[in-house]
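Q: One structure is given below, represented as structure tokens, and several questions about it will come after.
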Amino acid sequence: MINGLSRDRIYILEDFEDMSEGIKLIANNRKATHDYFILDRYEAGIALAGTEVKSIRQGKVNLRDSYAQISNGEMFIHQMHISPYEKGNIFNKDPLRVRKLLMHKREINRLFGQTTQKGLTLVPLSIYFKNGKVKLEIGLAQGKKLYDKRQSLKEKAIQRDNEHKDY
């Protein structure tokens with residue numbers, strides 16, 4: 001008993017706190033962290049059709065070759081593949097269509113300045129549901145050189161070996 005609550009109730013309360021956040025990860029872009037240094041992360045909403053949301057709920061989305069771009073003060077995501085919904089028939093959209101990202105104008109202008117001056121790029125890192133809405137995590141990224149990729153792989157191997165030595 002802790003503070004009048006049994007141990008079972010504590011676990012139930014902890015699980016309830018996790019559910020209040022309401023985040024369900026759908027897809028990760030692991031290649032982005034391999035190919036880029038992620039300098040900053042932003043959350044953006046995304047404008048989707050109904051059948052696209054249903055397809056994302058089934059996990060049929062691919063972020064691998066996608067990128068975000070700013071044009072005319074608006075942010076768009078290109079090359080994000082959302083498979084057509086099986087039961088969507090005529091309501092399905094093109095799987096690779098350009099989709100609008102929803103962010104504050106102030107954030108978009110800041111990102112536009114950073115991407116044009118410093119040679120940085122915008123890469124989608126993950127897509128998830130947050131309180132029933134589809135959100136996309138965008139990373140402000142700088143490209144890695146080949147030797148940087150080798151160095152990061154070497155560091156991961158050393159860290160993995162050190163973890164195995166502890167056992």
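Q: Could you grab me the full set of residues in segment 55-78 that are among the acidic types (D, E) and either within 11 Å of I26 (Cα to Cα) or not in a strand (DSSP E or B) (or both)?
A: D65
Q: Also: What are the pairs with Cβ atoms under 7 angstrom where one residue, in segment 84-104, is among the polar types (S, T, N, Q) and the other, located anywhere, is in a loop (DSSP other than H, G, I, E, B) and surrounded by 14 or more Cβ atoms within 10 Å (Cβ to Cβ)? Sequence gap at least six, or different chains.
A: N92/P84; N92/Y85
Q: Kindly check whether there is at least one residue in segment 115-133 that is hydroxyl-bearing (S, T, Y) and over 20 Å from the mean Cα position of the chain (by Cα).
A: Yes, some residue in segment 115-133 is hydroxyl-bearing (S, T, Y) and over 20 Å from the mean Cα position of the chain (by Cα).
Q: Might you let me know whether segment 142-150 holds any residue that is under 23 Å from A27 (Cβ atoms) and either basic (K, R) or under 15 Å from the mean Cα position of the chain (by Cα) (or both)?
A: yes
Q: While we're on this one: Which members of segment 121-142 meet the condition of being of a type in the set (A, V, I, L, M, F, W, C) and touching a residue at least 60 places away in the same chain (Cβ under 8 Å)?
A: Step one: list which residues in segment 121-142 are of a type in the set (A, V, I, L, M, F, W, C), which gives 122-123, 125, 127, 129, 134, 136, 138, 140-141.
Matches in segment 121-142: V123, L125, I127, F129, V134, L136, I138, L140, A141.
Q: Does K145 satisfy the condition of being more than 30 Å from I56 (Cβ to Cβ), surrounded by 10 or more Cβ atoms within 10 Å (Cβ to Cβ) and without any contact (Cβ under 8 Å) to a residue 24 or more places away in the chain?
A: no
Q: Quick check on E43: is it modelled with pLDDT of 85 or more, charged (D, E, K, R) and closer than 15 Å to P124 by Cβ?
A: Here the answer is yes, as E43 does meet what is asked.
The values are calculated or read from the model by the stated rules, or taken from the named source; none is laboratory data. The structure presented is a predicted model; accordingly, all values stated were derived computationally and were not measured. All Cβ positions, even for glycine, are placed from backbone atoms using ideal geometry, and neighbour counts span all protein chains on display.
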